[in-house]
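Have a look at the structure below, then the notes.
The values are calculated or read from the model by the stated rules, or taken from the named source; none is laboratory data. Because the structure is a prediction, the values reported are computed rather than measured. Cβ coordinates were reconstructed from backbone atoms using ideal geometry, including for glycine residues, and neighbour counts include every protein chain displayed.
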Amino acid sequence: MGRIRILSDQVANKIAAGEVVERPASVVKELLENSLDAGSTTIRVEAVSGGRRLIRITDDGCGMLRDDAMLAFERHSTSKLTDVKDLLSIATLGFRGEALPSIASVSRLTLETRSRDESTGTRIEIAGGKMMACQEAALASGTIITVRDLFFNVPARKKFLRSETTELAHIATLATEYSLAHPDKNFTLIHDEKELLAVTPAADLRDRIYQVFGGQLLEELIPLAPVERALPPEPGSDSPAGTLQLTGFVSRPQFQKSNRNSIHLFVNGRVIRDRLLLHALNSAYYNLVPSGVYPFAMLFLSCDYEEVDVNVHPSKTEVRFRHGPVVHDFVRDAVRNSLIAAKPAPSLPSSRVSQPAAHLPYSEFSQQIEEQRFESVPAPAPDSELPVFNLHGATPAVPRLDFGQTPGIPGEPVRFSAPPPAPPPASPQLKLRIPESHSALPPDAAYVPGASLSELANLRPLGQIHDSFIVAAGRDGLWLIDQHVAHERILFEKVLRGRAEGKIEVQALLMPMIIELTPAQMADYNRIAAELNATGFETEPFGPRSIAIKAAPSAVPPGEIDKLVFEILEIADAELRGVSLEDLRRGIAASVACRAAIKINTPLDERKMAWLLEELAATQCPMSCPHGRPIALLYSTRDILKGFHRV
Ligand code: ADP
Ligand code: MG
């Protein structure tokens with residue numbers, strides 16, 4: 001008996017209505033999701049001309065019985081749902097029963113499928129929604145769906161397609177994202193007969209990231225410590241309504257992107273775009289990166305199926321959480337805590353090898369190809385890949401996802417066989433013995449990958465450059481610390497702590513300072529006066545257009561107090577529109593810290609330098625100043641050795 005049924009009107013009417021097929025990538029998305037729902041372990045995606053001429057997905061999943069294959073093209077026919085109740089807890093990627101009929105109505109589609117339970121398969125051809133042929137066919141078990149000439153019968157829609165490279169970029173991003181969501185499966189993406197992605201089962205997400213993006217990106221990433229939180233119980237019940245879990249990777253604060261293309265979000269294995277999660281991620285990086293820049297992130301959130309409504313949008317890319325605020329804070333805290341625990345050290349910019357497109361995250365590559373014309377590059381001879389440089393031979397010379405020698409031009413395919421072994425664990429030994437001869441490092445001299453700013457506590461200050469930057473020696477190499485932003489971070493956290501505990505050191509002014517304000521500033525002042533006064537100021541209105549400042553946080557030099565108040569009023573003006581009190585509080589703390597911090601061009605003696613490093617080491621986030629600039633740069637021992645040609 002067949003598995004597919006037509007949904008009753010009652011259920012069908014509850015399904016988010018709308019167009020499923022907007023562009024080639026929407027076809028790829030629906031077909032990929034069907035293949036995953038069918039339990040496939042090997043999925044191959046082929047496209048020709050950005051998917052306009054042809055899209056073909058081949059899988060080794062459960063296949064369809066003959067009767068089901070016919071039924072699958074009816075609207076609202078699905079094997080994944082039966083009644084309205086099922087809509088409340090959807091465990092499969094598909095559930096609408098609309099993808100196949102929608103795609104078939106705007107293309108020439110061929111379905112070839114065989115269920116493991118039948119000895120022969122079925123081939124069905126449909127053009128513009130009309131069944132042209134249906135035959136028995138000798139086929140391997142699994143499903144192949146070929147979609148040719150998308151929108152051949154809907155010229156209006158065809159006109160709206162973007163360039164081939166743009167359409168390909170969308171397809172590539174999707175295939176990449178699903179390959180990340182399923183590290184245990186084989187994925188191949190072929191465009192115009194060139195293999196753009198080919199990954200075999202990897203041990204875990206880390207290895208899959210290595211396969212797809214390369215080791216250089218991996219060095220920029222911090223794994224999230226796996227976390228779990230119980231959801232609040234239902235009213236009238238004591239037991240929690242399930243749990244939230246988050247895993248994944250986020251980039252260290254200095255790895256900055258100018259857009260959100262490098263943020264990959266997954267909820268229960270589904271690729272989604274979600275404002276709530278994006279906001280949570282941004283909040284986690286608040287005061288760690290400058291505003292307007294974004295991290296690289298891969299977040300996998302899991303929760304009970306009832307907790308998330310996926311029936312919100314026809315293409316199923318948006319979701320709605322039942323406990324939105326809880327999910328938001330959970331994700332924000334999980335990411336933030338992982339960043340705080342790792343305290344990743346930024347390396348000196350010059351020590352970064354310039355990265356060709358081959359080593360950039362896929363989405364960035366996607367962006368580049370949007371702007372460039374596709375050209376074919378000459379194929380390198382087989383096995384001509386040069387070994388990738390590496391210090392300890394720990395990582396095999398596995399080529400990365402490679403798009404050719406020239407940035408932005410897709411090149412030759414690269415095939416991945418085995419996942420790379422894990423990098424060597426951090427060496428517990430504090431002192432690295434540099435070999436005297438010009439040989440490779442002994443194996444026990446493993447450098448610590450992703451050095452941590454926790455090392456700041458163990459540095460030996462050597463002096464200053466230009467009375468502005470502290471030079472210090474440490475186990476991991478040579479450190480440069482920007483004394484102003486270092487102090488800024490220390491004071492910023494101190495002010496916030498003091499504000500939270502109601503204990504801020506205050507200096508009373510001998511004479512109240514009267515400052516005149518514009519009417520707009522006066523209005524801003526009235527809105528934030530309470531917060532200002534809770535942060536160590538004592539101010540009050542003095543006539544209709546001026547205020548009197550009677551006291552200020554003691555860290556602020558008296559000459560700077562009025563400037564500081566004006567600056568805070570500016571933050572209030574810019575930030576009060578739609579920004580939380582929490583953000584305003586941080587804004588005030590950042591301004592106070594900036595005014596009070598040791599300036600650059602200030603000589604410091606050794607004691608002061610040591611004090612500064614110690615205090616910085618004790619902060620939660622020594623990675624960035626409150627405005628998102630790096631505080632300490634590391635010239636790693638590895639780079640020093642490389643510079644002296646000792647490795
Ligand atoms: P939905 O995925 O929402 O159920 P679709 O129109 O995408 O709706 O697919 C209809 C049905 O066809 C699915 O429920 C499934 O039973 C079957 N199907 C589609 N693609 C495949 C596939 N690759 N392998 C096995 N069965 C499939
Ligand atoms: Mg589907």
Exercise. Among (1) in a loop (DSSP other than H, G, I, E, B); (2) surrounded by 17 or more Cβ atoms within 10 Å (Cβ to Cβ); (3) near ligand 1 (Cβ under 9 Å from one of its atoms), where does residue 75 come up short?
Worked result: (2)
Seminar exercise, completed: When restricted to 246, 276, the only residue modelled with pLDDT of 90 or more, surrounded by 19 or more Cβ atoms within 10 Å (Cβ to Cβ) and among the aliphatic types (A, V, I, L, M) is 246
Exercise. In region 166-220, which residue that is in a strand (DSSP E or B) and not aliphatic (A, V, I, L, M) is surrounded by the most Cβ atoms within 10 Å (Cβ to Cβ)?
Worked result: 187
For this session: Being of a type outside the set (S, T, N, Q), surrounded by 15 or more Cβ atoms within 10 Å (Cβ to Cβ) and not in a strand (DSSP E or B) is the filter here, so list the residues in region 130-148 that pass it.
Result: 139
Problem set entry | Residue in region 93-122 that is farthest from ligand 1 (Cβ to nearest atom), counting only those that are within 23 Å of residue 24 (Cβ to Cβ) and assigned to a strand (DSSP E or B) | 108
Exercise. Given the conditions (1) modelled with pLDDT of 90 or more; (2) more than 30 Å from residue 603 (Cβ to Cβ); (3) surrounded by 15 or more Cβ atoms within 10 Å (Cβ to Cβ), and given that residue 526 satisfies all but one, which numbered condition is not satisfied?
Worked result: (3)
Exercise. Before we move on, is residue 101 touching a residue at least 24 places away in the same chain (Cβ under 8 Å) and surrounded by 23 or more Cβ atoms within 10 Å (Cβ to Cβ)?
Worked result: no
Problem set entry | Scan of region 221-251 for residues that are assigned to a loop (DSSP other than H, G, I, E, B) and either hydroxyl-bearing (Ser, Thr, Tyr) or free of Cβ contacts under 8 Å to residues at least 24 places away in the same chain (or both), ordered by number | 226, 233, 234, 235, 236, 237, 238, 239, 240
Exercise. Applying the selection to region 245-291, what residues are in contact with a Phe, Trp or Tyr (Cβ under 8 Å, 6 or more places away or on another chain) and over 22 Å from residue 227 (Cα atoms)?
Worked result: 255, 256, 257, 258, 259, 260, 262, 287
Problem set entry | Filtered residues of region 1-60 (kept if modelled with pLDDT of 95 or more, part of a loop (DSSP other than H, G, I, E, B) and closer than 28 Å to residue 82 by Cα) | 38, 39, 40, 41, 60
Problem set entry | Meets criteria (closer than 20 Å to residue 121 by Cβ, away from ligand 2 (no atom under 13 Å from the Cβ) and not basic (Lys, Arg)) for residue 46 | yes
Exercise. Only one of these conditions is not met by residue 281: (1) touching a helix residue (DSSP H, G or I) at 6+ places or on another chain (Cβ under 7 Å); (2) crowded, with 20+ Cβ neighbours inside 10 Å; (3) on the phi > 0 side of the Ramachandran plot. Which number is it?
Worked result: (3)
For this session: Scan region 252-267 for residues that are without any contact (Cβ under 8 Å) to a residue 60 or more places away in the chain and closer than 12 Å to residue 301 by Cβ and jot them down.
Result: 265, 267
Exercise. Among (1) surrounded by fewer than 21 Cβ atoms within 10 Å (Cβ to Cβ); (2) more than 7 Å from ligand 1 (Cβ to nearest atom); (3) in a loop (DSSP other than H, G, I, E, B), where does residue 90 come up short?
Worked result: (1)
Exercise. Got a sec? Which of 172, 127 is over 38 Å from the mean Cα position of the chain (by Cα) and over 17 Å from residue 68 (Cα atoms)?
Worked result: 127
For this session: Evaluate region 150-161: report whether one residue or more is within 16 Å of ligand 1 (Cβ to nearest atom), in a loop (DSSP other than H, G, I, E, B) and either farther than 28 Å from residue 270 by Cβ or modelled with pLDDT under 95 (or both).
Result: no
For this session: Output the residues belonging to region 71-105 that are of a type in the set (Val, Ile, Thr), more than 11 Å from ligand 2 (Cβ to nearest atom) and under 31 Å from the mean Cα position of the chain (by Cα).
Result: 90
Exercise. List, please: which pairs have Cβ atoms under 7 Å, are six or more places apart or on different chains, and start with a residue in region 11-35 that is under 15 Å from residue 106 (Cβ atoms) and end with one that is within 9 Å of ligand 1 (Cβ to nearest atom) and among the charged types (D, E, K, R)?
Worked result: 20/30; 20/98
For this session: Filter region 32-68 down to residues that are more than 8 Å from ligand 1 (Cβ to nearest atom), on the phi < 0 side of the Ramachandran plot and surrounded by 24 or more Cβ atoms within 10 Å (Cβ to Cβ), then give me how many there are.
Result: 5
Problem set entry | Those residues of region 106-132 which are within 16 Å of ligand 2 (Cβ to nearest atom) and not hydrophobic (A, V, I, L, M, F, W, C), in sequence order | 107, 113
Exercise. Hey, among the residues in region 162-208 that are β-branched (Val, Ile, Thr) and touching a helix residue (DSSP H, G or I) at 6+ places or on another chain (Cβ under 6 Å), which one's farthest from residue 148 (Cα to Cα)?
Worked result: 199
For this session: Taking the options 271, 327, name whichever one is crowded, with 18+ Cβ neighbours inside 10 Å, part of a strand (DSSP E or B) and at pLDDT 90 or above.
Result: 271
Exercise. Restricting the first residue to region 499-515 and requiring it to be among the acidic types (Asp, Glu), which pairs with a second residue that is modelled with pLDDT under 95 and assigned to a loop (DSSP other than H, G, I, E, B) meet a Cβ separation below 9 Å and a spacing of at least six or different chains?
Worked result: 505/536; 505/554; 505/555
